[in-house]
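Note sheet for the following structure.
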Amino acid sequence: MKTLTPPPSWCINNTFTLVQNIQSLKQIQSRTWEMEAFCASWKLVGSENFHEYLTAVGLDEEMVQVGNVLKPKVTISQEGDKVVLKTVTSVSSKEISGKLDEEFDDTTLDERICKSVLYLDGDKLVYVQKWDDKQSTATREVKGDQMITTLELNGVVAVLTYERV
């Protein structure tokens, strides 16, 4: 009876790497499918309690007034393993980009420097920003042709309603 010789170590290592790459690709494909509902352009059509939320963020009254009248267009896309959110208003524009579940540096429209993270929570896209001693959470959920964004900071909650463009 002939004995089998084990494969050389380079073969085992390459097979292990191939399996890791396939698992990583499946994870990216799964995340792409989960993100699909969000990937669109959205226009703001309504807001509730936004004035109070902007005040809680720490904006001065003039900035709060401006924030209340702007009607931003938000475009969400996925580029490889990064989620990209572009916000455009008549006054300014901002783009953030980060990998899901990984913290990144972020600068807000009002120039606050934050540590931020994007992650999926079931069918919701969550965006957490931390700065100074504050933490803000924006939870996006798609319902038909609307995206409902719930903003929360220190117990102050605002709801923004967007429609798909």
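Restricting attention to region 53-77, the residues that are surrounded by 15 or more Cβ atoms within 10 Å (Cβ to Cβ) and in contact with a strand residue (DSSP E or B) (Cβ under 7 Å, 6 or more places away or on another chain) add up to 9.
Criterion applied to ALA37, ALA56 was being out of contact with any Lys or Arg (no Cβ under 8 Å at 6 or more places or on another chain), at pLDDT 90 or above, among the hydrophobic types (A, V, I, L, M, F, W, C) and in a loop (DSSP other than H, G, I, E, B), and the one residue passing it is ALA37. Please tell me if VAL84 is open to solvent by less than 20 Å² (accessible area, probe 1.4 Å), free of Cβ contacts under 8 Å to residues at least 40 places away in the same chain and more than 21 Å from VAL57 (Cβ to Cβ). Yes, satisfied.
The values are calculated or read from the model by the stated rules, or taken from the named source; none is laboratory data. Since we're looking at a predicted model, the values are computed, not measured. Please note: Cβ atoms are built from the backbone with ideal geometry, for glycine as well, and neighbour counts cover all protein chains shown. The area values use the complete protein model at the heavy-atom level, side chains included, leaving out ligands, DNA and RNA. Shrake-Rupley method; radii C 1.70, N 1.55, O 1.52, S 1.80 Å.
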